[in-house]
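What follows is a single structure, written as structure tokens, with notes after it.
The values are calculated or read from the model by the stated rules, or taken from the named source; none is laboratory data. Model, not experiment: these values are computed from the prediction. Positions of Cβ are backbone-derived with ideal geometry, glycine not excepted, and every protein chain shown enters the neighbour counts.
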Amino acid sequence: MKRIGVLTSGGDAPGMNAALRAVVRMGIHRGHRIFAFYNGFRGVVENDSAEMYNRSVGDILTRGGTIIGTTRYPDFKNPDVVKRAARNMELLEMDGLIIIGGDGSFRGAIELQKLGTNVLGLPGTIDNDINGTDNTIGFDTAVDTVVGAIRKLRDTASSHGRTIIIEVMGRKSGWIALKSGLAGGAEAILVPEIPFDLDELSHVIESGMARGKKHSIVVLAEGVMSANELSDKLKEKMGVSANTVVLGYVQRGGGPTANDIILASRLGARAVDEIASGNSGVMVGEIKGDLVASPLEEVIVETSIIDPTLFHLASYLVH
């Protein structure tokens, strides 16, 4: 029997509850005791935890967010705070800690491991910017949410003959913009990984108008610039005013898609067996359908970048 902790950290992502449920129920099935720490690493530092049972995670499979709370906890960069967390793990006689989160959460996990705590990461972030997995928990749901918004906004854009700029999340990664733009048939997609060309964007919009197109949808990753900035640039360049929509936190909300539930369930169940067997300092991800464990140190070296072939495909199909 092992005593295993679990927490959700950083920005919330649809499917975190499904991963938590899988950790709890697989852990109990394997004969272990599972303890949830509330509000991310803060719960470890403040010893805010509770033992979880099968009924503790009932009816959460399709719920968005995370029932055990999450937070961005900059205090965890302080070595003394990390030491306090490690000490609490010792006092609670924990055999390991499963961290469901993103890049920043994994950096915290690595620091905790240096002090003797066994740690294991699960990729929970809508940005899909984590190496060692094809998809992160929450990404598919975020894309689905944005595609739904594109469809609704296209109706308005078409009715009024407007250009609408939709700003989506992605400071360093354009995955959400790319996949939602491709699936939503956007006339243009702007991502941080590929240089932005105002002349080219203007040409796309103007050539569409010349072909009789009444409207244009531009999907913009926030890391490129703000929607308002782009609107101002287009007005200066073309004399055309564009409406702007910032989707913001709505991309994180709502129940997870079936794909995210299945991914989270597979990763959560595998995490229990990995940490119970003493495999520490790794992240469990899914690559080409197979579950793989990658060292956290390698995972955080660089972010997962977009597939340029998909980007070019989207540009070809819009003409």
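Among the residues making up the stretch 50-76, those that are without any contact (Cβ under 8 Å) to a residue 24 or more places away in the chain and either farther than 29 Å from Tyr249 by Cα or among the hydroxyl-bearing types (Ser, Thr, Tyr) (or both) are Glu51, Arg55.
Every condition in (1) surrounded by 15 or more Cβ atoms within 10 Å (Cβ to Cβ); (2) more than 19 Å from the chain's Cα centre (by Cα) is met by Pro308 except one, and the failing one is (1). Of the set (1) under 25 Å from Thr117 (Cα atoms); (2) assigned to a strand (DSSP E or B); (3) not basic (Lys, Arg), all apply to Thr244 but (1). Of all residues in the stretch 77-101, those being closer than 16 Å to Val6 by Cα, in a loop (DSSP other than H, G, I, E, B) and free of Cβ contacts under 8 Å to residues at least 60 places away in the same chain number 0.
Conditions tested, residue by residue: (1) in the same structural domain as Ser277 (by TED's automatic domain parsing); (2) within 18 Å of the chain's Cα centre (by Cα); (3) more than 29 Å from Asp260 (Cα to Cα).
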{"position": "Gly124", "(1), (2), (3)": "yes, yes, no"}
{"position": "Ile130", "(1), (2), (3)": "yes, yes, no"}
{"position": "Thr145", "(1), (2), (3)": "no, yes, no"}
{"position": "Arg171", "(1), (2), (3)": "no, yes, no"}
{"position": "Ala177", "(1), (2), (3)": "no, yes, no"}
{"position": "Ala186", "(1), (2), (3)": "no, no, no"}
{"position": "Pro192", "(1), (2), (3)": "no, yes, no"}
{"position": "His203", "(1), (2), (3)": "no, no, yes"}
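Determine, yes or no, whether Gly278 is on the phi > 0 side of the Ramachandran plot, touching a Ser or Thr at 6+ places or on another chain (Cβ under 7 Å) and either of a type in the set (Lys, Arg) or at pLDDT 90 or above (or both). No; evaluated as a whole, the condition is false for this residue. From the list Glu193, Glu206, Glu187, the lone residue that is of a type in the set (Asp, Glu), within 18 Å of Ile150 (Cα to Cα) and in contact (Cβ under 8 Å) with a residue 24 or more places away in the chain is Glu187. Put simply, of Asp80, Asp48 the only residue that is in contact with a strand residue (DSSP E or B) (Cβ under 8 Å, 6 or more places away or on another chain), assigned by TED's automatic domain parsing to the domain that holds Glu286, over 19 Å from Val272 (Cα atoms) and of a type in the set (Asp, Glu) is Asp48.
If we scan the stretch 27-47, do we find a residue that is in contact (Cβ under 8 Å) with a residue 40 or more places away in the chain, in contact with a His (Cβ under 8 Å, 6 or more places away or on another chain) and buried (at least 22 other Cβ atoms within 10 Å of the Cβ)? No: zero hits.
Of all residues in the stretch 260-290, exactly one satisfies the criterion of being assigned to a strand (DSSP E or B), hydrophobic (A, V, I, L, M, F, W, C) and surrounded by fewer than 20 Cβ atoms within 10 Å (Cβ to Cβ), namely Ile287.
Okay, residues lined up against (1) over 22 Å from Ile287 (Cβ atoms); (2) not basic (Lys, Arg):
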| residue | (1), (2) |
| --- | --- |
| Gly124 | no, yes |
| Ser158 | yes, yes |
| Gly174 | no, yes |
| Asp199 | yes, yes |
| Lys213 | yes, no |
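Every listed requirement among (1) outside the structural domain of Arg30 (by TED's automatic domain parsing); (2) within 19 Å of Thr136 (Cα to Cα); (3) touching a residue at least 24 places away in the same chain (Cβ under 8 Å) is met by Glu286 save one, (1).
Ser231 meets each of the listed conditions (1) in the same structural domain as Gln113 (by TED's automatic domain parsing); (2) small (Gly, Ala, Ser); (3) in a helix (DSSP H, G or I); (4) farther than 20 Å from Ala13 by Cα apart from (1).
Restricting attention to the stretch 231-243, the residues being under 32 Å from the mean Cα position of the chain (by Cα) and over 16 Å from His215 (Cβ atoms) number 2. On the given criteria, is Arg63 farther than 30 Å from Asp140 by Cα and basic (Lys, Arg)? Judged against the criteria, Arg63 is not a match.
The numbered conditions (1) buried (at least 16 other Cβ atoms within 10 Å of the Cβ); (2) in contact with a helix residue (DSSP H, G or I) (Cβ under 9 Å, 6 or more places away or on another chain); (3) under 30 Å from Val23 (Cα atoms) are all true for Glu297 except (1).
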